[in-house]
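Peer 1: What follows is a structure written as structure tokens; I'll ask about it next.
Taken together, the values in this text are just the output of simple stated rules run on the coordinates, not laboratory data. None of the values given here were measured: they were computed from a predicted structure. All Cβ positions, even for glycine, are placed from backbone atoms using ideal geometry, and neighbour counts span all protein chains on display.
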Amino acid sequence: MIHVQNLTKRYGQRTVVDGLTFTVPSGTVTGFLGPNGAGKSTTMRMMLGLTRPDAGAVRIDGHAYPELRYPARHVGALLETSVPHRSLTAAHHLLWLAQSNRIPRRRVAEVLETVGLTGAARRRVGTFSLGMGQRLGLAAALLGDPPVLVLDEPVNGLDAEGIRWLRELLRSMAAEGRTVLVSSHLMTEMSLVADHLIVIDRGRLLAETGMADFIRRHGRTYVRVRTPEPMRLNSILERKGASLRPAADGSLEIDGMPAAEINRLAAADGLALEELSTHTASLEDTFLELTGNQEDPTHV
């Protein structure tokens, strides 16, 4: 597990991470979400000992990252700023990582095959496309067969096939009982791979919960209705306490009343309905609703 306790980081008068406390459980894929500038990358850098916190601590299976003698065998990491030396071949880049962490040489060929780079093993990193470079970064993260993965925007540069491959890989690793923490701005993809969510904004924790519970608590479920007499329906439902709002396509979005009750009331008044459907907010909608409503003028 990863335990983050009261983690704080300031740059001058600006507080980037503000008393963060959360736990990343094992055996699940945890999505780490937040708007640009929320403090996600800084938090991940503090997890990996690359940035010193002003307060608080991170423990990975009970240890601070700098205490790990062979870190790649405990934590596989991919950060957006992780760039191999361009003159090295893919195999040599992984080989020196393996040697410095007492990892068997055979793992280099194994992880290159896992990420689909066997044919590019002797190519220099400087000739790689963005997607190939991302696959190489993932190979480095997997090199030590670590029980913990910390990945910052891992799908960047991957094509549709690569994104699906990565999704299946992360799910399989979580199923093996590993701890998988993934930061991504692609909400649709996150909704397909993550079971657990940690959401931050302005360096503070907003939510730490399961995916379904997050949407249930913070998302919006509404009924969409289309009728040739919207004003009449509006009058009927408002008398019963429902909240209505017009949609851009001419339909009505109704909060606070189930579809069955709307249908019953319309039928009792002889009102025809052309559409009646229930909609639940997506992860993206819920995320934007939650983070867009956060106001803290004292936080810089």
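Peer 1: How do the peptides 228-241, 172-185, 205-218 rank, highest first, by the average count of neighbouring beta carbon atoms within 10 Å per residue?
Peer 2: Numbers: 228-241: 13.9, 172-185: 18.7, 205-218: 16.6.
By packing density, highest mean first, the sequence is 172-185, 205-218, 228-241.
Peer 1: Follow-up question, since we're still on this one. With springs only between Cα atoms under 10 Å apart, run a GNM on the chain and tell me which of Glu275, Glu153, Glu189 wobbles the most.
Peer 2: Glu275
Peer 1: Determine ³J(HN,Hα), in whole Hz, for all residues of segment 271-280 in sequence, where each value follows from phi through the Karplus function 6.51 cos²θ - 1.76 cosθ + 1.60 and θ = phi - 60°; x replaces Gly and Pro.
Peer 2: 9, 7, 10, 8, 8, 8, 9, 9, 10, 10
Peer 1: Pick out the long, greasy-scoring helices in the chain: whole DSSP H runs spanning 15 Å or more along their own axis by Cα, mean Kyte-Doolittle at least -1.0. Could the numbers behind the result be given before it?
Peer 2: Numbers: long enough: 90-100 (16 Å, 0.47); 130-142 (18 Å, 1.02); 160-175 (23 Å, 0.04).
Span-like helices in the chain: 90-100, 130-142, 160-175.
Peer 1: Here's another thing I want to ask about it. Taking only the alpha-carbon positions of segment 2-217 and ignoring solvent, what does the Debye formula give for the base-10 log of I(q)/I(0) at q = 0.07, 0.09, 0.10, 0.14 Å⁻¹?
Peer 2: -0.21, -0.34, -0.43, -0.85
Peer 1: Separate question: Under a GNM of the chain (C-alpha, springs under 10 Å), which listed residue has the highest mean-square fluctuation: Glu67, Glu274, Glu168?
Peer 2: Glu274
Peer 1: Name all residues of segment 210-237 having a backbone nitrogen under 15 Å from the label point set 7 Å from the Cα of Asn263 along its Cα→Cβ direction, giving them as ranges.
Peer 2: Label zone hits: 223-226.
Peer 1: What residue among Leu130, Leu48, Leu79 has the largest mean-square fluctuation in a Gaussian network model of the chain, using Cα springs under 10 Å?
Peer 2: Leu130
Peer 1: What distance in nm separates the simple spin-label points at Ala248 and Glu161, each placed 7 Å from Cα in the Cβ direction?
Peer 2: Placing both labels 7 Å beyond Cα along the Cβ direction yields 3.5 nm.
Peer 1: Would you be so kind as to identify which of Gly49, Asn234, Val182 lies farthest towards the positive end of the dipole of the chain, taking Lys and Arg as +1 and Asp and Glu as -1 on Cβ and the Cα centre as origin?
Peer 2: The residue sitting most towards the positive pole is Gly49.
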